Amino acid sequence: MPKIDEYIPIVGQAVIDDLKLIADRLKGKLMQHVNSTAMGGGVAEILNRMLPLFNELGINTRWDVIKGGAQFFEVTKKFHNALHGKRVDFTQGDMDMFLETGRKNLEEVEIRGDAVFIHDPQPVTLVEKRGDNKWVWRCHIDISSPDRDIWKFLKDFVLRYDAAIFSAPSFSQNMSMRQFLISPSIDPLSDKNKELPAELIDSVLEKYGIVRNKPIITQISRFDRLKDPLGVLEAYKQVKKRIDCQLILAGGGATDDPEGVQVLEEVKERAGKDEDIHILLLPQNDIEINALQRGSDVILQKSLREGFGLTVTEALWKAKPVVASCVGGIPLQVKNKFSGLLCHSVEGAAFAIKQFLNSPQYAKKMGENGREHIRNNFLITRHLRDYMLVFISLQHNEDIVYL
Ligand code: UDP
């Protein structure tokens, strides 16, 4: 793991000095994070990188993962879909399963943090354990237009927290508690994002039978309907009519996402026999994901809903031209026609991809702007700072905090 000073060449000395100064205010305190998966998806990705850095800065930090069976994760996936606005029918059995697993975790998860950050809905009921420490509900998902019933059910728990954190302004809710806006981040020194030698990129492409003499369009995402993999195939097919190109759809599963297998089957079926479509299963292979992103000509993220879209951050940091849906946290990253192109439909996505493939200079400029936008706003150093400031602000019951 890199040391905090290794970030100086990337973000500058002042940013790191600032972090050390803020961390001094929290010496001896314990920060605790709880989520529902140790692997897969954006939350685990970020926590993995943040913990060692917090500890190096002198803030004791621990990370616990709640336990749940397959049925529990089926129910929480339904929650996830309903919070994203999808019509979902819940049975009394679903709710009982959610509460029952919550009760078991109350016994299993040890809570010791001076500040406890609970990530997403799965562990929300742990708040039953609150004492005189501070509790924060950290919501990573797009709840701009949730199913009202399920949000009401969760809100009863959320209201018992001291504060909530959302990734984009449109996700905040009408609640009496304090709410913070904190965007996620990426680690520029992780295997997923560090610079790679050209030969390594070539060898990964070769390994998967991807050729260099045709443009490569790539979407990296879990096989999830909300990532719209079928829309990606459709957009690719429209581009393919004009420009001979290849598509990479790469994704693995997260342990808390049971729908993946079914979606993958649908995608394979729809892809048919086109040899320029590469459907890759790459669970937890960060170097290969990095290489695929770097080897691509256009990165696509055609989500229907998106909490933030770390894949967009990762692509922009690699100075790649990005075409992404104007949903959730994506427009915070892709400023249309400045750091990428936003789309609202399959046709829009296909049009934008063609624009990039036909104008390499324009595509290059968008990528370069994107990289600077990420450097200034979405790297892990900014994220560490924000969490520390929330922690400090919760120690003092001030109403206004300037982050
Ligand atoms: N990811 C990965 N392998 C995959 C699919 C995704 O490593 O097969 C990573 C991806 O690079 C990103 C994260 O998982 O870092 C996904 O985060 P994002 O915010 O894009 O979506 P989420 O899965 O959290 O909805």
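The values are calculated or read from the model by the stated rules, or taken from the named source; none is laboratory data. For clarity, every value in this text was computed on a predicted model and none was experimentally measured. Here the Cβ is made from the backbone with ideal geometry for all residues, glycine too, and neighbour counts use every protein chain on show. The area values use the complete protein model at the heavy-atom level, side chains included, leaving out ligands, DNA and RNA. Shrake-Rupley method; radii C 1.70, N 1.55, O 1.52, S 1.80 Å.
Restricting to the stretch 116-136, and then to whatever is part of a loop (DSSP other than H, G, I, E, B) and in contact with a Lys or Arg (Cβ under 8 Å, 6 or more places away or on another chain), can you tell me which residue is surrounded by the fewest Cβ atoms within 10 Å (Cβ to Cβ)? Break it down stepwise before answering.
Keep residues of the stretch 116-136 that are part of a loop (DSSP other than H, G, I, E, B), which gives 120-123, 130-133.
Adding the requirement that they be in contact with a Lys or Arg (Cβ under 8 Å, 6 or more places away or on another chain) leaves 120, 130.
Details: Asp120: 23, Arg130: 14.
Only one residue tops the list, namely Arg130.
The conditions are (1) surrounded by 18 or more Cβ atoms within 10 Å (Cβ to Cβ); (2) at pLDDT below 95; (3) assigned to a loop (DSSP other than H, G, I, E, B), and Leu264 fails exactly one of them. Which is it?
Condition not satisfied by Leu264: (3).
Take the conditions away from the ligand (no atom under 12 Å from the Cβ), open to solvent by 10 Å² or more (accessible area, probe 1.4 Å) and either under 21 Å from the mean Cα position of the chain (by Cα) or at pLDDT below 95 (or both) and apply them to His396. Does it pass?
Considered against the rule, which asks whether it is away from the ligand (no atom under 12 Å from the Cβ), open to solvent by 10 Å² or more (accessible area, probe 1.4 Å) and either under 21 Å from the mean Cα position of the chain (by Cα) or at pLDDT below 95 (or both), His396 comes out as yes.
Would the stretch 152-162 turn up any residue that is assigned to a loop (DSSP other than H, G, I, E, B) and within 17 Å of the chain's Cα centre (by Cα)?
Step one: list which residues in the stretch 152-162 are assigned to a loop (DSSP other than H, G, I, E, B), which gives 159-162.
Those left that are additionally within 17 Å of the chain's Cα centre (by Cα): none.
So far as the stretch 152-162 goes, no, none of its residues is assigned to a loop (DSSP other than H, G, I, E, B) and within 17 Å of the chain's Cα centre (by Cα).
Could you list, in sequence order, all residues of the stretch 284-320 that are open to solvent by 10 Å² or more (accessible area, probe 1.4 Å), of a type in the set (Val, Ile, Thr) and near the ligand (Cβ under 9 Å from one of its atoms)?
Listed by number, the residues that qualify are Ile289, Thr311.
For the stretch 162-188, name all the residues that are of a type in the set (Phe, Trp, Tyr) and within 16 Å of the ligand (Cβ to nearest atom).
Start the filter on the stretch 162-188 by keeping residues that are of a type in the set (Phe, Trp, Tyr), which leaves 166, 171, 180.
Matches in the stretch 162-188: Phe166, Phe171.
Could you check, for the stretch 350-368, whether at least one of its residues is under 24 Å from Leu19 (Cβ atoms), in contact (Cβ under 8 Å) with a residue 12 or more places away in the chain and of a type in the set (Asp, Glu)?
The answer is no; no qualifying residue exists.
Can you work out which of the residues in the stretch 216-234 that are out of contact with any Phe, Trp or Tyr (no Cβ under 9 Å at 6 or more places or on another chain) and assigned to a helix (DSSP H, G or I) is farthest from the ligand (Cβ to nearest atom)?
Among those that are out of contact with any Phe, Trp or Tyr (no Cβ under 9 Å at 6 or more places or on another chain) and assigned to a helix (DSSP H, G or I), it is Glu234.
Which residues, taken from the stretch 240-283, are β-branched (Val, Ile, Thr) and near the ligand (Cβ under 10 Å from one of its atoms)? Steps first, answer last, please.
Taking the stretch 240-283 as the starting set, the residues that turn out to be β-branched (Val, Ile, Thr) are 243, 248, 255, 261, 263, 267, 277, 279.
None; the set is empty.
For the stretch 137-151, enumerate the residues that are open to solvent by 20 Å² or more (accessible area, probe 1.4 Å) and either within 16 Å of the ligand (Cβ to nearest atom) or within 22 Å of the chain's Cα centre (by Cα) (or both). Talk me through it step by step, then tell me what you get.
Our first condition is that a residue be open to solvent by 20 Å² or more (accessible area, probe 1.4 Å); within the stretch 137-151, this holds for 140, 144-145, 147-149.
Result: His140, Ser144, Ser145, Asp147.
Among the residues of the stretch 13-64, write down those that are out of contact with any Pro (no Cβ under 9 Å at 6 or more places or on another chain), surrounded by 15 or more Cβ atoms within 10 Å (Cβ to Cβ) and at positive phi.
Listed by number, the list holds a single entry, Gly41.
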